[in-house]
1. How would you rank 38-48, 70-80, 15-25, highest first, on the average number of other Cβ atoms within 10 Å across their residues?
2. Summing -39500 (n - 2.57) over the DSSP H runs of n ≥ 4 in the chain and dividing by its residue number, what mean residue ellipticity at 222 nm do you reach, to the nearest 500 deg cm²/dmol?
3. Can you give the convex hull volume per residue for the Cα atoms of the chain, as a whole number of Å³?
4. If neighbour count is taken as other Cβ atoms inside 10 Å, put Trp103, Trp84 in order from fewest to most.
5. Where in the chain are the helices, taken as whole DSSP H runs, whose Cα atoms extend 24 angstrom or more along the long axis and whose Kyte-Doolittle mean reaches at least 1.0?
6. Using the basic label-point model (7 angstrom from Cα toward the beta carbon), what is the Ile49 to Arg76 distance in nanometres?
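Only the coordinates and a few stated rules stand behind these numbers; no lab work does. A quick note: this is a predicted structure, and the numbers were derived from the prediction, not measured. Neighbour counts run over all protein chains shown; Cβ positions are idealised from the backbone, glycine included.
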Amino acid sequence: MEFRPPAFYRLFFLTIEPISALVGAYFAHFRPQQYLQLTHALSAPQTNIPLGTQVVLTQLANLYFLFAINEALVLRSSSDLRVWRTLLFGLLVADFGHLYSIWGLGTGVYWKVHEWSAMDWGNVGFVYAGALTRIAFLFGLGIPTKQDAPAAKTGKDKAK
């Protein structure tokens, strides 16, 4: 049976989130100084970024790029609900890993919205939005069930 997600999920998973991931990839690779400064200004190097840090940021950019490709291309090319659920479950696990990665910035980063920087809005706020949208999808919120689908035409109806 062919699956077509509701418009909100298509917009978020096929367009908004992949673009966001590409923006993250751009900053991590092409603007590493600014990326580090926005992540944690106190620990960001003020001059040259160490080579190892540059390598890690390029690897991060590559993962953001993979994230964008998986959502924008793999999901777009599949009309199988199992593929959507499997990929989105994997990304949900990655959301929790991403949120864990900022633990060292202090627990306030998770809930002190009034103190969030632009990077915090991406690293926390947008990840919350993505995770909640994935959870809603995985629980079937707004996803038509087989009972909701229009009844299949009978042989007589097809002959008309």
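1. The densest-packed peptide leads the list: 15-25, 70-80, 38-48.
2. -16500 deg cm²/dmol
3. Once divided by residue count, the hull of the chain is 124 Å³.
4. Neighbour counts put them in this order, fewest first: Trp103, Trp84.
5. Those that clear 24 Å and a mean of 1.0 are 51-69.
6. The two pseudo-label positions are separated by 2.7 nm.
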